[in-house]
Amino acid sequence: MPPTHNSDHFGYTWGVTNTLVDPVAAPQENQESTGGTATATKRVLLLKPRGFCAGVVRAIDIVQIALDTFGAPVYVRKEIVHNSYVVNDLAQKGAIFVNELDEVPEGARVIYSAHGVSPAVRQRAKERNLKVIDATCPLVTKVHLEAIKFAKQGYSLVLVGHRDHEEVEGTQGEAPTVTQVVSTPAEVDVLVVPDPDKVAYLTQTTLSLDEAGTMIEALKKKFPNIAGPHAQDICYATENRQTAVKNVAHGADLVLVVGSRNSSNSNRLVEVSMNLGTNSHLIDKAQDIEPRWLEGVATVAITAGASAPEILVQEVVQYLQGKGYGSVEEVEVMPENVRFGLPPEIVQAITPARPAAQA
Ligand code: SF4
């Protein structure tokens, strides 16, 4: 079921086209010359897909619907998604963001963020009689279910990810006694498990595809019989945004990534571009752009992490237009049209009660 609310306030619209583009070529030299010196056309390439993913749209919709349906305040454990604009906007509408459930009044309503929670958090919510609405992204839940399955089958688990990230804390919490988190090949080297033939790996959903590949290779070398998920844990949105950067970065002088510092997938987009040799910066908003970044830059590619609203992207475009980047071209590298249904707690709340059956 598609969300009944959409997040237009954030400037986001679903757009679906089916054009796959060839990798973007470097800009032509401008035909005009100034003072006898040829200058390159200053242009903006707007990558697509970019910005909100289905899990983020769903999570924001859940908070907005909860506010509309139950009234403020509604408590949210951790940032609903890792974007300061989104969090501030929802806070102004009456959402109260807390770090831990103990900050939520006994019996109140609380929403879990898109990054998921561990069973220990779910248990604490029960103890405090909290009314829970779960906004965990279904693709994070998929990884939780894999962790549970492997642990039940007696595997030692290796979770590839960043150990201070909320998603990793939640996934590790499904099987804490058998799960080890690794972030680097050096950490793989020193892993110790009870049975090297009974090991399984999982990954965080928002890793760099290339780095995850290196890590999985290192794990397979150390544990030749290692098991893994049927389909990769890195989600479609992370993969698509990285693929778009890979297609376009070589034709750009600078890649600007709109996203917050604590957004894992946004940081990875910067790394993907830098690894390809194209300078890149992560910015929360247009005002973060330092003029010196644009010196000698003809082509700026813009993308946005999965939690960054389109309104902020458009402000960056406007800023660059004001700096002489007159040509703005949207480059769709692949179509993306994924939506997730709302959780039952929300569906029940917004479904009108049926009239009693006629006698
Ligand atoms: S980035 Fe991926 S895992 Fe995270 S909320 Fe979006 S779709 Fe879900």
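Every read-out reported here was derived from the displayed coordinates using simple, explicitly stated rules and does not represent laboratory data. Every value quoted in this text rests on a predicted model; they were computed, and no experiment measured them. With ideal geometry, Cβ positions are generated from the backbone for all residues, glycine too; neighbour counts draw on all protein chains shown.
Among the helices (runs of 4 or more DSSP H) confined wholly to segment 73-170, which include 1 or more residues that are within 15 Å of the ligand (Cβ to nearest atom)? By residue number, 84-92, 138-152.
Of everything in segment 204-253 that is of a type in the set (Ser, Thr, Tyr) and over 14 Å from the mean Cα position of the chain (by Cα), the residue that is nearest to the ligand (Cβ to nearest atom) is THR243.
The residue pairs whose first member lies in segment 241-258 and is without any contact (Cβ under 8 Å) to a residue 40 or more places away in the chain, whose second member is surrounded by fewer than 23 Cβ atoms within 10 Å (Cβ to Cβ) and not small (Gly, Ala, Ser), and whose beta carbons are closer than 8 Å, counting only pairs six or more residues apart or on different chains, are GLN242/LEU209; LYS246/LEU276. For segment 283-318, residues that are buried (at least 21 other Cβ atoms within 10 Å of the Cβ) and either closer than 21 Å to TYR85 by Cα or of a type in the set (A, V, I, L, M) (or both) total 14. VAL188 meets all of the listed conditions (1) surrounded by 14 or more Cβ atoms within 10 Å (Cβ to Cβ); (2) of a type outside the set (Asp, Glu); (3) over 24 Å from the mean Cα position of the chain (by Cα); (4) assigned to a loop (DSSP other than H, G, I, E, B) but one, namely (4).
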